[in-house]
Amino acid sequence: MTTDPLLLTGELAEANDRLLRTVTGLTAADVAAPSLLPGWTRAHVLTHLARNADGFVNLLTAARTGEPIPMYASVEARNADIEAGAGRGPADLLDDLRRGGQRFDAAVAAMPAEAWGATVQARRGPWPAALLVWGRLREVEVHHVDLATGYRPADWPAAFAHRLLHEVTAGLADNPQAPAMVLRVDGAGRDIVVGDPEGAPTVTGPAPELAAWLTGRGPGELLTVDPDGPLPNPPEWI
């Protein structure tokens, strides 16, 4: 499950194409309707995705030039930009999203090989530049689901679902609020252990279902728990 930025560009291009096809079919009423994210319409999600692309361009530029360029000028500026763009119609939202993706692609193409070894200042702290393409792919795929237009976690490519699952569970390892559990992916050769496995429940199911449940994008209806009982209560994914 590579996170090599150059190997992931093809997967990102395919994810972008799927997202743009979805947005192309939306009406004014559609983009004004609620998304799966509390307090956000679909237009909020689409504006966030466009501004997120620009934020990643800032980080790629920082990695390439060595300048300390933050992802966003501030949290307040990020939020204001999303609110300002959320009142637009579907054509403007689609054009903004497409152009943001093109700017991101151009910034990736401009990266010399050595720049991928840099560390940049992402929204939640230092981050390896080598993970920026993965970060953008994750935003596109997860927020495509958040649009609530019929694209579901089950539609995620298998490789993406496995990467997301492993990233989320790695983050749980250092979270004291994470319940102990053993995750068993259908068809996988080994389990993913969170916390002390002694006496912990085993949660089994497809990788997309497990990843969706842990990221708050699904209720885990297709997951089974052994011994029989409710699903563990994972902390909110940020």
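The values are calculated or read from the model by the stated rules, or taken from the named source; none is laboratory data. Because the structure is a prediction, the values reported are computed rather than measured. Positions of Cβ are generated from backbone atoms using ideal geometry, with glycine treated the same way; all protein chains shown enter the neighbour counts. The protein model used for the area step is the full one, side chains on, heavy atoms only, and it has no ligands, DNA or RNA in it. Shrake-Rupley method; radii C 1.70, N 1.55, O 1.52, S 1.80 Å.
Close Cβ contacts (under 7 Å, 6 or more residues apart or on different chains) running from residues in the stretch 195-221 that are free of Cβ contacts under 8 Å to residues at least 24 places away in the same chain and of a type in the set (Ser, Thr, Tyr) to residues that are surrounded by 18 or more Cβ atoms within 10 Å (Cβ to Cβ) and part of a loop (DSSP other than H, G, I, E, B) comprise 204/223.
Of all the numbered requirements in (1) assigned to a helix (DSSP H, G or I); (2) of a type in the set (A, V, I, L, M); (3) under 23 Å from residue 42 (Cα atoms), residue 132 misses one, and that requirement is (3).
Can you find a residue that is within 15 Å of the chain's Cα centre (by Cα) and either within 29 Å of residue 108 (Cβ to Cβ) or surrounded by 14 or more Cβ atoms within 10 Å (Cβ to Cβ) (or both) anywhere in the stretch 175-193?
First pass over the stretch 175-193, keeping only residues within 15 Å of the chain's Cα centre (by Cα): none.
Within the stretch 175-193 (the criterion being within 15 Å of the chain's Cα centre (by Cα) and either within 29 Å of residue 108 (Cβ to Cβ) or surrounded by 14 or more Cβ atoms within 10 Å (Cβ to Cβ) (or both)), the answer is no, since none of the residues qualifies.
Restricting attention to the stretch 154-171, and to residues there that are touching a Pro at 6+ places or on another chain (Cβ under 7 Å) and part of a helix (DSSP H, G or I), which single residue is least open to solvent (accessible area, probe 1.4 Å)? Across the stretch 154-171, the extreme among qualifying residues is 161.
Checked against the criterion of being open to solvent by less than 50 Å² (accessible area, probe 1.4 Å), of a type in the set (D, E, K, R), under 18 Å from the mean Cα position of the chain (by Cα) and under 19 Å from residue 127 (Cα atoms), the candidates 4, 54 yield just one match: 54. A Cβ distance below 6 Å, combined with a sequence gap of six or more or placement on separate chains, defines the contacts here; from the stretch 94-116, residues that are closer than 17 Å to residue 8 by Cβ reach residues that are aliphatic (A, V, I, L, M) in the pairs 101/53; 104/53; 104/57; 107/57; 107/60; 115/63; 116/129; 116/130.
If only residues of the stretch 204-224 that are hydroxyl-bearing (Ser, Thr, Tyr) and more than 14 Å from the chain's Cα centre (by Cα) are counted, the one that is nearest to residue 185 (Cα to Cα) is 204.
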